[in-house]
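Here's the structure we're looking at; comments come further down.
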């Protein structure tokens, strides 16, 4: 692991104290481990050893072994992706995304959102491969009404792990000017800040989720286009989001960025580069369903833990 850091959010009662005093409630410690990728770009195999920057790194098989080793050590693991699964190697040109979805299903991904390159074979091409995906696509700000993808994605998903409720929604980048109109047709792009505001409130307040995660393909930030919506701006302009897992800008981060939201609370923003070169890992530690601390690390996908 390249780097691991720790945020202490509050004091923890110990099990010894709880059990030695029968009048006190038993303390339950729960860790939710969130593993994440983005912008895989059909990098099925590791980069060639001769690659000047990423030699022997990445590859689905190495990632699968790494994920399996983590699951053997930790009970409550979520595996999420922030889009751009397609495009980048001949595997996509030949199989059209079938291989990527099958391998991600074998790795037991829980959910993904869609990136702009996931439209590269059009709506028909994406729909054709959906039967191979044994995980949900969560697309909250793409309205697929009157298209062949209507009803094929979810606006949000709630996952329960050891008594902890995790709410997940997904945000995609503006397609106009980035993707050919013929590839997305009547798909409507909805304002991501408005959608995030509504869904994070729904998940945190109405659905009583202990953890709210946004899968975002908006991009980390844009130095040359400060008016464009990005993950850092999304965090500042919303409430109730605990973690934004980003994509699109291929940003490598040694640690998540802490951003104060509208309530002056911290939203973590993270991204794991591209091509499966690293696996993002964030551990949320709960004490009796209250978030008590967070730890993290980026794990290179050329060595195993």
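Restricting things to alpha carbons, find the Rg to Rh ratio for region 240-295 using the Kirkwood radius for Rh. My calculation puts Rg/Rh at 1.01.
Need one word for region 187-305: rounded, prolate or oblate. Basis is the Cα gyration tensor (sqrt eigenvalues a ≥ b ≥ c); a/c below 1.5 gives rounded, then a/b vs b/c decides. Cα axes put region 187-305 in the oblate bin.
Any chance you could run the full-extension gain for residue 74 through residue 154? It's 0.36 nm times the residue separation minus the Cα-Cα distance, nm to one decimal.
26.0 nm
Order 258-265, 217-224 from most to least packed using the mean count of other Cβ atoms within 10 Å.
217-224, 258-265
What share of the DSSP beta bridges in the chain is antiparallel, in percent to the nearest 5? If I count the DSSP bridges inside the chain, around 60 percent turn out antiparallel. Descending by average beta-carbon neighbour count within 10 Å, the peptides 150-162, 133-145 line up as 133-145, 150-162, the highest first.
In percent, rounded to a whole number, the relative contact order of region 31-300 is 21, using alpha-carbon pairs under 8 Å and six or more apart. With each label modelled as a point 7 angstrom along the Cα→C-beta vector, the residue 206-residue 224 pair spans 4.1 nm. Our note on the geometry: Cα centres of region 36-73 and region 244-305, 18 Å apart. When peptides 189-202, 72-85 are sorted by average Cβ neighbour count within 10 Å, with the highest value leading, the order is 72-85, 189-202.
Report the extension gain between residue 29 and residue 239 in nm, rounded to one decimal, defined as 0.36 nm multiplied by the number of residues separating them, less their alpha carbon distance. Result: 73.0 nm gained on full extension.
Per residue of the chain, the DSSP helices (runs of n ≥ 4 H) give a summed -39500 (n - 2.57) that works out to -5500 deg cm²/dmol at 222 nm. Computing Rg and the Kirkwood Rh from the Cα coordinates of region 31-300 gives a ratio, Rg/Rh, of 0.94. For region 70-227, relative contact order (Cα pairs under 8 Å, six or more residues apart, normalised by length) works out to 23 percent.
Each value in this text was obtained by applying a stated rule to the coordinates, not by laboratory testing. All figures in this text were calculated on a predicted structure; none of them were measured in a lab. Because the Cβ atoms are built from the backbone with ideal geometry, glycine has one as well, and the counts that use them run over all protein chains shown.
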